[in-house]
Amino acid sequence: MDSTKFKAAICQIRTELDQRETMEKAGRMVREAAENGANVVCLPEMFNCPYSRDYFRRYAHLGHEDAVREMSGWARENGIVLIGGSLPETEGEKLYNTCFVFDEDGKQIAKHRKVHLFDVDIPGMRFHESHTFTPGEDITVFDTRYGRFGVAICFDVRFPELFRAMAKRGAKMIFLPAQFNMKTGPAHWDLSLRMRAVDNEVFFAGAAAARYEGFAYECWGHSAFIDPYGVVLSKCDEKERILYAEIDLSRVETVREQLPTFNRLREDVYPVAK
């Protein structure tokens, strides 16, 4: 492993209705982030597919393989670790909401299928991802030259056990491609990111999509980087932009020594997944 210090970036992109247009824009944003010194770049959930049941299967029929190859090229050409947001992945008759991760050589080093599907019925909103997607079954951590990372997707963040398991498996920073909406976003987005960071004393990156005003599903946006003490390192509004943060993973151990909640889990009293 090399230095624990690196620059991270979130490309808060607005997904267009034309997939080719979105992919070209995403490629430009990834390149700009790398040119500005980012070593690790993260895209949002469903970054290349409008977040709507009207589009999931339609875009899945275009196939995910070309997008995966393109993302691999972005990672290789820019010499970065790329957390590829998520996109509709097909496997036989099944459809998954999947994040692909690539190293600096463009090699795929991880794949996370959204474990907890967004099925809600709240005032003013009813949405059931399970009508379209199959849930994933894996806890996803992966090694980079900077240290071990974890990745989950959007609604996963509401299930703290998943993030405890990633931290127990050595993840020092967790990336969350997401699309919180205009109801849950104002209420729970910042709170959820900071809670999961503080719970496990890890760095946390919430990579939201930019808002598409007037679209059927409007994303809250407000991407953010959080440190292991729950401090917001950087955040943005709902507009399309690239967000940066300087990360030093050695701070994880510093915080755990100063406030040793994670290091003093009572696993003799309650089981903790590993």
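Just wondering, is there one or more residues in the stretch 121-140 that are within 24 Å of residue 105 (Cα to Cα) and in contact with a Gly (Cβ under 6 Å, 6 or more places away or on another chain)?
No, the conditions are met nowhere in the stretch 121-140.
With the checklist (1) closer than 22 Å to residue 152 by Cα; (2) touching a residue at least 40 places away in the same chain (Cβ under 8 Å) in hand, flag the one item residue 48 doesn't pass.
Only one criterion is unmet by residue 48, namely (2).
Taking interchain pairs and intrachain pairs at least six residues apart, which have beta carbon atoms under 9 angstrom, with the first residue in the stretch 99-110 and of a type in the set (Lys, Arg) and the second at pLDDT 95 or above and not in a strand (DSSP E or B)?
107/72; 107/75; 107/76
Mind listing whichever residues of the stretch 224-259 are buried (at least 19 other Cβ atoms within 10 Å of the Cβ), among the small types (Gly, Ala, Ser) and touching a Lys or Arg at 6+ places or on another chain (Cβ under 7 Å)?
Listed by number, the list holds a single entry, 224.
Out of the stretch 158-189, which residues are surrounded by fewer than 17 Cβ atoms within 10 Å (Cβ to Cβ) and not in a loop (DSSP other than H, G, I, E, B)? Please lay out each step first, then the result.
Filtering the stretch 158-189 for residues surrounded by fewer than 17 Cβ atoms within 10 Å (Cβ to Cβ) gives 158-161, 169-170, 182-183, 186-188.
Listed by number, the residues that qualify are 158, 160, 161, 186, 187, 188.
Does the stretch 152-174 hold any residues that are closer than 18 Å to residue 40 by Cα and in contact with a helix residue (DSSP H, G or I) (Cβ under 9 Å, 6 or more places away or on another chain), and which are they?
Once the filter is applied, which keeps residues that are closer than 18 Å to residue 40 by Cα and in contact with a helix residue (DSSP H, G or I) (Cβ under 9 Å, 6 or more places away or on another chain), the stretch 152-174 yields 152, 171, 172, 173, 174.
Under the condition of being among the charged types (D, E, K, R) and either modelled with pLDDT of 90 or more or crowded, with 16+ Cβ neighbours inside 10 Å (or both), which residue from the stretch 54-67 is farthest from residue 91 (Cα to Cα)?
66
Under 24 Å from residue 76 (Cα atoms) and either modelled with pLDDT of 95 or more or in a loop (DSSP other than H, G, I, E, B) (or both): is that true of residue 110 in this structure?
Judged against the criteria, residue 110 is a match.
Can you report the number of residues in the stretch 112-137 which are touching a helix residue (DSSP H, G or I) at 6+ places or on another chain (Cβ under 9 Å), surrounded by 18 or more Cβ atoms within 10 Å (Cβ to Cβ) and charged (D, E, K, R)?
The qualifying residues number 2.
It is to be established whether one or more residues within the stretch 234-253 are of a type in the set (Ser, Thr, Tyr), touching a Gly at 6+ places or on another chain (Cβ under 7 Å) and in contact (Cβ under 8 Å) with a residue 40 or more places away in the chain.
no
Quick one: which strands (runs of 3 or more DSSP E) lie wholly within the stretch 190-266 and hold at least 2 residues that are over 20 Å from residue 164 (Cα atoms) and under 19 Å from the mean Cα position of the chain (by Cα)?
232-235, 241-248
In this structure, does residue 133 turn out to be in a loop (DSSP other than H, G, I, E, B), farther than 18 Å from residue 175 by Cβ and touching a residue at least 24 places away in the same chain (Cβ under 8 Å)?
Yes, satisfied.
I'd like the residue in the stretch 68-91 that is in a strand (DSSP E or B) and in contact with a helix residue (DSSP H, G or I) (Cβ under 9 Å, 6 or more places away or on another chain) and, out of all such residues, is surrounded by the most Cβ atoms within 10 Å (Cβ to Cβ).
Selected residue: 82.
Might you check whether a residue that is of a type in the set (Lys, Arg) and at pLDDT 95 or above occurs anywhere in the stretch 71-83?
Within the stretch 71-83 (the criterion being of a type in the set (Lys, Arg) and at pLDDT 95 or above), the answer is yes, since at least one residue qualifies.
Can you work out which of the residues in the stretch 2-34 that are surrounded by 15 or more Cβ atoms within 10 Å (Cβ to Cβ) and assigned to a loop (DSSP other than H, G, I, E, B) is modelled with the lowest pLDDT?
So, considering only residues that are surrounded by 15 or more Cβ atoms within 10 Å (Cβ to Cβ) and assigned to a loop (DSSP other than H, G, I, E, B), the one modelled with the lowest pLDDT is 4.
The values are calculated or read from the model by the stated rules, or taken from the named source; none is laboratory data. In this text the structure is predicted, and so the values were computed from the model without any measurement. We place every Cβ from the backbone using ideal geometry, glycine too, and count neighbours over all the protein chains shown.
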